[in-house]
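The structure appears below as structure tokens.
The values are calculated or read from the model by the stated rules, or taken from the named source; none is laboratory data. All values derive from a computational prediction rather than experimental measurement. Here the Cβ positions follow ideal geometry from the backbone for every residue, glycine too, while neighbour counts run over all protein chains shown.
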Amino acid sequence: MRPRRLIDPRRWPSPVAFVVALIGVFLLSGVVVSLAIQLMGSREAFAAAKQAALPWLFLWRWACYAALILAWLKLWRPRVLARLGEDRDGGEAARERLKRLESLTLVVIVGIELFNVLDWLGDRS
């Protein structure tokens with residue numbers, strides 16, 4: 001392997017790029033939370049501020065989901081379907097997998113938000 005291939009993330013295998021990105025997101029999240037705790041003075045103050053902001057964070061996440069869904073439907077999905085049309089079978093098998101992937105993505109998003117809402121409602125009592 002040449003060193004140039006190791007430096008350029010576009011040439012990494014997908015699982016490696018995913019793991020590196022995931023580790024980067026976790027590290028960045030940890031830095032942001034630790035800075036917020038430092039700015040607020042204690043973990044308890046941070047937890048209270050987070051609890052007070054939960055409804056707004058819920059709305060923010062759904063706005064982000066809506067933006068991603070619109071971008072997928074208007075920008076990226078037509079490109080993907082056009083590329084699938086170039087397959088040997090006309091993309092029929094890939095279209096079925098794409099539908100299943102879209103459905104599973106929606107189920108995961110709704111599941112995550114359902115658990116977030118249940119956690120939020122459980123903390124109120």
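Structure summary
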quantity: The range 29-54: number of residues that are touching a residue at least 60 places away in the same chain (Cβ under 8 Å) and exposed (fewer than 10 other Cβ atoms within 10 Å of the Cβ); calculated: 0
quantity: Residues that are assigned to a helix (DSSP H, G or I) and exposed (fewer than 10 other Cβ atoms within 10 Å of the Cβ), drawn from the range 11-24; calculated: 14, 15
quantity: Only one of 67, 71, 94, 63 that is loosely packed, with under 11 Cβ neighbours inside 10 Å, out of contact with any Pro (no Cβ under 7 Å at 6 or more places or on another chain), under 26 Å from residue 9 (Cβ atoms) and not assigned by TED's automatic domain parsing to the domain that holds residue 9; calculated: 67
quantity: Any hit, the range 19-42, residues being more than 30 Å from residue 120 (Cβ to Cβ), touching a helix residue (DSSP H, G or I) at 6+ places or on another chain (Cβ under 9 Å) and not small (Gly, Ala, Ser); calculated: yes
quantity: Flag for residue 117 being at pLDDT below 90, of a type in the set (Val, Ile, Thr) and assigned to a helix (DSSP H, G or I); calculated: yes
quantity: The range 1-41, residues that are among the polar types (S, T, N, Q) and at pLDDT below 95; calculated: 14
